[in-house]
């Protein structure tokens, strides 16, 4: 089985992921929960502006899944 999930979230000023949400997925109903669980664990180097760490809303990623039979 194969599939994908497109997610959008905010990278906070400390580099954590906040407010992840599913934008689209295929097939629907299979990979959304594991994709959300994964991105909630991600850590980013914070975005910086004027020497200060800032939030970055609207970050989008696509995760692909392939399960061997």
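The values are calculated or read from the model by the stated rules, or taken from the named source; none is laboratory data. This is a predicted model, so every value here is computed, not measured. Please note: Cβ atoms are built from the backbone with ideal geometry, for glycine as well, and neighbour counts cover all protein chains shown.
Quick notes on this one:
- Complete set of residues in the stretch 53-69 that are touching a helix residue (DSSP H, G or I) at 6+ places or on another chain (Cβ under 8 Å) and either part of a loop (DSSP other than H, G, I, E, B) or in contact (Cβ under 8 Å) with a residue 60 or more places away in the chain (or both): 65
- Pairing each residue of the stretch 20-33 that is over 14 Å from residue 1 (Cβ atoms) with any residue that is modelled with pLDDT of 95 or more and loosely packed, with under 11 Cβ neighbours inside 10 Å, provided the two are 6+ apart or on different chains, yields C-beta distances under 9 Å for 23/60.
- Strands (runs of 3 or more DSSP E) fully within the stretch 1-52 counting 1 or more residues that are in contact with a helix residue (DSSP H, G or I) (Cβ under 7 Å, 6 or more places away or on another chain) and either surrounded by 15 or more Cβ atoms within 10 Å (Cβ to Cβ) or modelled with pLDDT of 95 or more (or both): 2-11, 17-26
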